Amino acid sequence: MGISIGAAIAISAGISAASAGAAAYSSSQASKKAAAAQKAAGDQALAEQQRQYNQSRSDLSGYQQQGQAGLAEMNRLNGQMQPWTQDTPTYNPDPFVAPTALENAAEPGVRMAQDEAARAIQQSAAARGTALGGNTMAALQDRAAGIQSQAYGDTYARAQNTYSTNAQQAWQAYQARYAGNQADKASFYEAQDRPYARAANNAQMGYGATGLSLGLGQNYANQMGNLYTQQGNAAAAGIIGSSNARVAGYNAIGDAASAAVLGYSPDYMAYQKQRSAYGKKNQFSGFPEDKTYG
């Protein structure tokens with residue numbers, strides 16, 4: 001027993017629509033699952049990035065705290081720095097002064113020579129009976145002047161040697177005082193600079209750790225932005241894919257329905273013509289739904 005053309009068309013259209021709907025649903029679900037899987041992978045990556053970032057920040061926090069403490073110590077020490085107040089030793093020797101005639105005459109050797117010369121002259125004059133004469137006095141003066149003149153060169157040389165010796169000793173004493181002064185000065189500033197240098201080193205360490213932390217933050221932000229973008233793209237692709245699948249299904253259903261209508265129309269028109277041939281006026285009354293073809 002055959003089936004009516006309407007039933008055949010309805011069954012065919014129903015099968016096509018159901019198949020298209022099932023395919024559309026399956027494709028839509030697959031797009032959603034793919035987007036969900038990509039989002040889950042992105043969430044895991046985000047969690048790992050967050051964990052690593054937090055761990056790195058924790059590792060650097062101690063250095064940053066030490067740097068902050070060093071900076072505070074530097075500021076404290078700056079207010080306690082004291083200048084070196086001791087005068088630097090100087091060397092200003094007196095100039096050499098040549099001995100005077102009186103100083104030369106007062107030399108023990110000169111006086112001894114003069115005394116011996118005077119005794120000799122007086123003894124000679126006494127032997128001649130002219131001890132108190134003018135010639136004797138003149139002879140004594142000339143001899144004394146001659147002795148002083150001959151001795152001055154030695155007196156000058158001795159004075160110059162004494163001056164040089166004293167100047168050398170004074171120079172050595174000055175060098176010792178200067179070296180001690182500079183050593184004390186260096187120790188004074190070192191005692192202030194040593195803790196300041198330690199504080200500055202700690203501050204520099206904290207500065208470096210802060211720079212690393214900022215770099216980690218920037219890198220973390222970039223990676224997070226990339227991951228969020230990827231998740232957004234995946235979600236958008238899932239939505240578009242699901243929508244495209246539904247649209248394709250709807251189009252397939254529409255195509256099936258259109259095909260059914262187009263397939264049914266020629267038979268229906270032929271049947272109407274056949275009924276007209278029998279002379280029936282109302283085309284729709286008493287329509288033979290059980291009419292079969294072929």
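The values are calculated or read from the model by the stated rules, or taken from the named source; none is laboratory data. For clarity, every value in this text was computed on a predicted model and none was experimentally measured. Here the Cβ positions follow ideal geometry from the backbone for every residue, glycine too, while neighbour counts run over all protein chains shown.
Could we say that GLY206 is loosely packed, with under 13 Cβ neighbours inside 10 Å, on the phi < 0 side of the Ramachandran plot and under 45 Å from the mean Cα position of the chain (by Cα) here?
no
Answer yes or no as to whether ALA221 is over 26 Å from ASP59 (Cβ atoms) and either modelled with pLDDT of 85 or more or surrounded by fewer than 17 Cβ atoms within 10 Å (Cβ to Cβ) (or both).
No, not satisfied.
Out of ALA69, ALA126, which single residue is assigned to a helix (DSSP H, G or I) and at pLDDT 75 or above?
On inspection, the qualifying residue turns out to be ALA69.
If we scan region 249-266, do we find a residue that is at pLDDT 75 or above and of a type in the set (Gly, Ala, Ser)?
Among the residues of region 249-266, not one is at pLDDT 75 or above and of a type in the set (Gly, Ala, Ser), which makes the answer no.
From the list ALA159, ALA197, ALA170, ALA151, which one is part of a helix (DSSP H, G or I), free of Cβ contacts under 8 Å to residues at least 24 places away in the same chain and either farther than 18 Å from ASP94 by Cα or not hydroxyl-bearing (Ser, Thr, Tyr) (or both)?
Numbers: ALA159 fails: free of Cβ contacts under 8 Å to residues at least 24 places away in the same chain; ALA170 fails: free of Cβ contacts under 8 Å to residues at least 24 places away in the same chain; ALA151 fails: free of Cβ contacts under 8 Å to residues at least 24 places away in the same chain.
Of the residues listed, the single one that is part of a helix (DSSP H, G or I), free of Cβ contacts under 8 Å to residues at least 24 places away in the same chain and either farther than 18 Å from ASP94 by Cα or not hydroxyl-bearing (Ser, Thr, Tyr) (or both) is ALA197.
Going by the conditions given, is ALA144 under 30 Å from PHE96 (Cβ atoms), part of a helix (DSSP H, G or I), modelled with pLDDT of 65 or more and of a type outside the set (Phe, Trp, Tyr)?
Details: under 30 Å from PHE96 (Cβ atoms): yes; part of a helix (DSSP H, G or I): yes; modelled with pLDDT of 65 or more: no; of a type outside the set (Phe, Trp, Tyr): yes.
Considered against the rule, which asks whether it is under 30 Å from PHE96 (Cβ atoms), part of a helix (DSSP H, G or I), modelled with pLDDT of 65 or more and of a type outside the set (Phe, Trp, Tyr), ALA144 comes out as no.
Kindly indicate which of LEU102, LEU71 is among the aliphatic types (A, V, I, L, M) and crowded, with 16+ Cβ neighbours inside 10 Å.
Matching residue, one of LEU102, LEU71: LEU71.
Pairs needed: first member in region 52-65, touching a residue at least 12 places away in the same chain (Cβ under 8 Å); second member anywhere, β-branched (Val, Ile, Thr) and surrounded by fewer than 17 Cβ atoms within 10 Å (Cβ to Cβ); C-beta distance under 6 Å; at least 6 residues apart or different chains.
Correct list of pairs: GLN64/THR210.
If we scan region 56-66, do we find a residue that is over 30 Å from ILE253 (Cα atoms) and among the hydrophobic types (A, V, I, L, M, F, W, C)?
Yes, region 56-66 contains at least one residue that is over 30 Å from ILE253 (Cα atoms) and among the hydrophobic types (A, V, I, L, M, F, W, C).
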